[in-house]
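K.L.:
Before we start, here is the structure in question, set down as structure tokens.
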Amino acid sequence: MKLPVRTRVLVPLALLLALATQGCATVRAYQREHLTDPIMAFETDAKAAARRTKSLDAREGSTGGNGGAGGGCACN
């Protein structure tokens, strides 16, 4: 039994679409606090670390070199 071309194209496309949209979820800003775990934070007090970094940058006259959000080149 040979399937029509339309069926052979639409069925895999529908399966791909179903798999692609499976992990999408919208999280509102007030719901994020329940999803974050404090133990996963690099710094226990992020505001204090930001203030310390800013004062060091001002004192040393340079910025950067304290981590990067991107890949290995720290471009971000």
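K.L.:
For segment 1-20, name all the residues that are loosely packed, with under 10 Cβ neighbours inside 10 Å and basic (Lys, Arg).
P.N.:
Lys2, Arg6
K.L.:
Output the residue which, of all residues in segment 40-76 that are surrounded by 10 or more Cβ atoms within 10 Å (Cβ to Cβ) and of a type in the set (Lys, Arg), is modelled with the lowest pLDDT.
P.N.:
Among residues in segment 40-76 that are surrounded by 10 or more Cβ atoms within 10 Å (Cβ to Cβ) and of a type in the set (Lys, Arg), the one modelled with the lowest pLDDT is Lys54.
The values are calculated or read from the model by the stated rules, or taken from the named source; none is laboratory data. Small disclaimer: the values here were computed from a predicted structure and weren't measured. In this analysis, Cβ positions are derived from the backbone assuming ideal geometry, glycine residues included, and neighbour counts consider all displayed protein chains.
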